[in-house]
Amino acid sequence: MKGWIVLAVPVLLFARSPQLLECSKIFEERKQELELKLEQIDEQRQAYEALKDATEAMLKRKESKLRKMEEDINVTRAKLEAERERIEELIAKNEALLAAIKEAKADKVSMTYAKMKASAAAQILSNMKPDEAARILATLKPKSVGQILAKMDPQKASEITLLLQ
């Protein structure tokens, strides 16, 4: 029996040998296909890694450039703010100077009319626009205003009086 078993195994292997060879051939072809696919996947993975690295490097450069631009903008903004404050200070000083000049001018005009005779002042103010005449009379003492208005045409004096109120 022992011999029978030993003989049966080689016969079975020999009988299946063409099928086994065909299966081995199919498996070998499939193995080659899979190895080719693995090579393609590996190449694609390497290309992906290279693209990823290049993209990350480009992103870092752009972020760095953006940070630099933001810093430049902030510096420019600070300079503009300082310049704006300086200009506002100049405007305030100029407005104060202008107000002082207007006041000095009004005082000078007021002093001029205060030194005039009432009839001469009335004649000059009668030829002015009512609002301008009222502005000048508003700077004078009430006694002088009364004397000047008394010497004016009643119609013109009433218009100016309304504006003085």
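Between 0 and 90 degrees, rounded to the nearest ten: what's the tilt of helix 2-115 against the longest Cα principal axis of the chain?
10 degrees
By how many nm would the segment from ALA104 to ALA92 lengthen if fully extended, with 0.36 nm per residue of separation less the alpha-carbon distance? Before the final figure, lay out each step's value.
Numbers: separation 12, 0.36 × 12 = 4.32 nm, distance 1.82 nm.
Working it through step by step, the gained length comes to 2.5 nm.
State the label only: which of (i) -0.66, -0.69, -1.26; (ii) -0.59, -0.64, -1.17; (iii) -0.74, -0.79, -1.18 corresponds to log10 I(q)/I(0) by the Debye sum over Cα atoms at q = 0.10, 0.11, 0.20 Å⁻¹ computed from the shown model?
Read-out from the structure maps to (iii).
Between MET116 and GLU71, 0.36 nm times their residue separation minus their Cα-Cα distance comes to what? Provide the component values of the computation, followed by the final result.
Numbers: separation 45, 0.36 × 45 = 16.20 nm, distance 6.70 nm.
Extra length from MET116 to GLU71 when fully extended: 9.5 nm.
Throughout, read-outs are computed from the coordinates displayed, never taken from laboratory work. Please read all numbers here as calculations on a predicted model, not as lab measurements.
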